[in-house]
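The values are calculated or read from the model by the stated rules, or taken from the named source; none is laboratory data. As the structure is a computational prediction, the values presented were derived from the model and not from experiment. Here Cβ is always computed from backbone atoms with ideal geometry, including for glycine, and neighbour counts include all displayed protein chains.
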Amino acid sequence: MKVTGFSFIRNGQKFDYPFVEAIQSILPLCDDFVVAVGKSDDNTLELVKQIDPTKIRIVETVWDDSLREGGKVLAVETDKAFKAISPDTDWCFYIQGDEVVHEKYHPEIKTAMEKWINQPKVDGLLFNYKHFYGSYDYVGSSFKWYPKEIRIVRNNKSIYSYRDAQGFRKGDNEKLRVKPIGAYVHHYGWVKDPRAMQMKQETFNKLWHSDQWVKKNVAKAETFDYSVIDALERFNGSHPQVMEKRILEKNWEFDRDLSLNKLSFKDRFKKFMLRNLGVFIGYKNYELV
């Protein structure tokens, strides 16, 4: 069984993404790794080169910044990395620059890949998500956050990155057939220095919207206001080892009074159904098999 990791990144250092940790977190499960590195204004390319030259192959790219509808450029860049994976690879392990997998899940992930490798009806593996917000101590608890997504797919070139690269489809817009596994992805996209987060908001919204929309809807400020959130809960687990240094170097404070949580009636109903009946109500970009 051959496993190839793949990812994309641009200006990862500038926007304070844990992209090095993201790659390192799944590298032990991969025989090789393809990273599409967009032309950047910082040292992103050099940092990727330093991770593991024996395993990592870099595809240097230039982003098409005219693709400003629905974050399409992110899917385009994902596909550049995916298409560069060699034909002898069996499973392709996708990770984004703000996602990190805890090493405690490595045995379960490897076992699942081995279990389903000879079952062609299984297009991929479905991971659970924890979305951290504000600091490394809080996770989102409303249904604005997607609870699951596909992160391992077969090396089938009819598969492609979907919409803004959140998930995958194949062929003529067909959902992938997947098996769920117990592993979690830690999503740290909303945990960074408030100055870097504000800069990210002002820049990355341009991948989805026009300059006029950004000017009207993204407040100009020096720092991001983390207090504008509906509901959080405390995270009491452990973080991946590759994140330890970054967490220790955190230089801002964020604390949340959980009594301020404001879950909508719809979210409260969805949470009740999920916790008590195991029924998820909402959009699913996959088919369970």
Search result, residues across region 203-254 that are assigned to a loop (DSSP other than H, G, I, E, B), among the basic types (Lys, Arg) and under 30 Å from TYR105 (Cβ atoms):
LYS250
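Just checking, does region 12-23 include any residue being of a type outside the set (S, T, N, Q), within 17 Å of VAL101 (Cβ to Cβ) and in a loop (DSSP other than H, G, I, E, B)? Even if it seems obvious, please write down each step before you answer.
Keep residues of region 12-23 that are of a type outside the set (S, T, N, Q), which gives 12, 14-23.
Going one step further and asking which of them are within 17 Å of VAL101 (Cβ to Cβ), we end up with 17-23.
Checking the rest, the ones that are also in a loop (DSSP other than H, G, I, E, B) come to 17-18.
Looking through region 12-23, at least one residue is of a type outside the set (S, T, N, Q), within 17 Å of VAL101 (Cβ to Cβ) and in a loop (DSSP other than H, G, I, E, B).
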Could you grab me the full set of residues in region 256-273 that are part of a loop (DSSP other than H, G, I, E, B) and touching a residue at least 60 places away in the same chain (Cβ under 8 Å)?
ARG256, ASN261, LEU263, SER264
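For (1) farther than 15 Å from ILE95 by Cα; (2) surrounded by fewer than 18 Cβ atoms within 10 Å (Cβ to Cβ); (3) out of contact with any strand residue (DSSP E or B) (no Cβ under 8 Å at 6 or more places or on another chain), each residue gets a yes or a no:
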residue: ASP16; (1), (2), (3): yes, no, yes
residue: LEU29; (1), (2), (3): no, no, no
residue: VAL48; (1), (2), (3): no, no, no
residue: PRO53; (1), (2), (3): yes, yes, yes
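For the structure I just gave you, tell me whether PHE204 is under 22 Å from the mean Cα position of the chain (by Cα), surrounded by 15 or more Cβ atoms within 10 Å (Cβ to Cβ) and modelled with pLDDT under 85. Step through it out loud before you land on a result.
Numbers: under 22 Å from the mean Cα position of the chain (by Cα): yes; surrounded by 15 or more Cβ atoms within 10 Å (Cβ to Cβ): yes; modelled with pLDDT under 85: yes.
Yes.
Taking the condition touching a residue at least 60 places away in the same chain (Cβ under 8 Å), under 30 Å from LYS175 (Cα atoms) and loosely packed, with under 15 Cβ neighbours inside 10 Å, does VAL289 pass? Steps first, please.
Working: touching a residue at least 60 places away in the same chain (Cβ under 8 Å): yes; under 30 Å from LYS175 (Cα atoms): yes; loosely packed, with under 15 Cβ neighbours inside 10 Å: yes.
Taking the combined requirement at face value, the residue satisfies it.
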Is region 152-171 home to any residue that is among the acidic types (Asp, Glu), in contact (Cβ under 8 Å) with a residue 12 or more places away in the chain and out of contact with any helix residue (DSSP H, G or I) (no Cβ under 6 Å at 6 or more places or on another chain)?
no
May I ask you to list the residues in region 214-238 that are of a type outside the set (D, E, K, R) and under 14 Å from SER141 (Cβ atoms)?
ILE229, ALA231, LEU232, PHE235, ASN236
Restricting to region 146-203, what's the tally of residues that are at positive phi and touching a Gly at 6+ places or on another chain (Cβ under 6 Å)?
1
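Are any residues in region 235-248 touching a helix residue (DSSP H, G or I) at 6+ places or on another chain (Cβ under 7 Å) and not hydrophobic (A, V, I, L, M, F, W, C), and if so, which ones? Break it down stepwise before answering.
Initial filter on region 235-248 (touching a helix residue (DSSP H, G or I) at 6+ places or on another chain (Cβ under 7 Å)): 239-243, 246.
Matches in region 235-248: HIS239, PRO240, GLN241, ARG246.
Answer yes or no as to whether GLY282 is in contact with a helix residue (DSSP H, G or I) (Cβ under 7 Å, 6 or more places away or on another chain), within 20 Å of HIS187 (Cβ to Cβ) and part of a loop (DSSP other than H, G, I, E, B).
Values: in contact with a helix residue (DSSP H, G or I) (Cβ under 7 Å, 6 or more places away or on another chain): yes; within 20 Å of HIS187 (Cβ to Cβ): yes; part of a loop (DSSP other than H, G, I, E, B): yes.
Yes; evaluated as a whole, the condition is true for this residue.
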Verdict on ASN276 being more than 24 Å from the chain's Cα centre (by Cα), over 14 Å from PHE132 (Cα atoms) and either among the hydroxyl-bearing types (Ser, Thr, Tyr) or not in a strand (DSSP E or B) (or both)
yes
Evaluate the following for VAL242: is it closer than 20 Å to SER142 by Cβ, surrounded by 11 or more Cβ atoms within 10 Å (Cβ to Cβ), under 18 Å from the mean Cα position of the chain (by Cα) and not small (Gly, Ala, Ser)?
no
